[in-house]
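Only one structure is covered here, and it is reproduced in the block below.
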Amino acid sequence: FPSHDMPIHYFDSIRILGMGSPAVKMVYVNGDLAKMDSINNFSLVRGLKLGKNLLTLIFKTDGMDIEHSLRVLRLKSYSDISKVKERREIEFMATLGIIEGEKDGRFYPDREVTRRYMARLLATQAKIKPTKRKSDLFSDVKQDDVDGDAIEYVIENGYLYAFPDGTFRPD
């Protein structure tokens, strides 16, 4: 059995490998039968969701079943944060869905935080629903702006303010 609980994993699946004693006839992981060879080595690949995952192993023997549970924490990571001091905090917040990186798999930790990004971050946490706008929000935020709902949410709730000249200055 692993000597520690809650290892951290970064991939969407994990391979569980082991060797059972001659008394072990079958091994199940979360109800799925693991493949066993003639000398009782076993293997099974399991998918992992972001966040906490519980893996329950059941070893079937002639006389009884032995159960062991293992927690695995799957974190979201980005290709450009391996040397960033705040890497673990970024990974935890991304795993929880509080922050997100870009579609290219990078986080861009040195990028300036814009008003657009803050609006998106706050609106994501509020789980706002998209709406169809009939007009521009501001002279610099058009009705079809991808972050229009987020910007509208932060303005309406007083988290951010527009400028007196009628702009939001999202970027």
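The values are calculated or read from the model by the stated rules, or taken from the named source; none is laboratory data. Here the structure is a predicted model, which is why all the values come from computation and not from measurement. Glycine gets a Cβ as well: all are built from the backbone with ideal geometry, and neighbour counts include every protein chain shown. Each accessible area value is taken on the protein alone, full model and side chains, heavy atoms only, with ligands, DNA and RNA left out. Shrake-Rupley method; radii C 1.70, N 1.55, O 1.52, S 1.80 Å.
General remarks:
- The single condition from (1) of a type outside the set (Val, Ile, Thr); (2) open to solvent by 70 Å² or more (accessible area, probe 1.4 Å); (3) farther than 23 Å from Met93 by Cα; (4) not in a loop (DSSP other than H, G, I, E, B) that Glu152 fails is (2).
- Lone unmet requirement of (1) open to solvent by 30 Å² or more (accessible area, probe 1.4 Å); (2) outside any loop (DSSP other than H, G, I, E, B) for Lys103: (2)
- Filter pass, Val45 being β-branched (Val, Ile, Thr), outside any helix (DSSP H, G or I) and either under 30 Å from Asp145 (Cβ atoms) or open to solvent by less than 60 Å² (accessible area, probe 1.4 Å) (or both): no
- Pairs where the first residue, in segment 89-117, is more than 18 Å from Lys127 (Cβ to Cβ) and modelled with pLDDT of 90 or more and the second is polar (S, T, N, Q) and surrounded by 11 or more Cβ atoms within 10 Å (Cβ to Cβ), C-beta under 9 Å, 6+ apart: Ile90/Ser77; Glu91/Ser77; Phe107/Ser77
- In segment 21-42, residue least open to solvent (accessible area, probe 1.4 Å) [restricted to those that are in a loop (DSSP other than H, G, I, E, B) and under 20 Å from Val72 (Cβ atoms)]: Ala34
- Filter result for Asp144 (loosely packed, with under 12 Cβ neighbours inside 10 Å and under 20 Å from Lys76 (Cβ atoms)): no
- Pairs are defined by a Cβ separation below 7 Å, a sequence spacing of at least 6 or placement on different chains, a first member in segment 56-68 that is part of a loop (DSSP other than H, G, I, E, B), and a second member that is open to solvent by less than 80 Å² (accessible area, probe 1.4 Å) and not acidic (Asp, Glu); the pairs so defined are Asp62/Ala23.
- Residue check, Asp80 free of Cβ contacts under 8 Å to residues at least 40 places away in the same chain, open to solvent by 80 Å² or more (accessible area, probe 1.4 Å), of a type in the set (Asp, Glu) and not in a strand (DSSP E or B): no
- Restricting Ala123, Ala94 to residues that are surrounded by 13 or more Cβ atoms within 10 Å (Cβ to Cβ), among the small types (Gly, Ala, Ser) and over 21 Å from Ile151 (Cβ atoms) narrows the list to Ala94.
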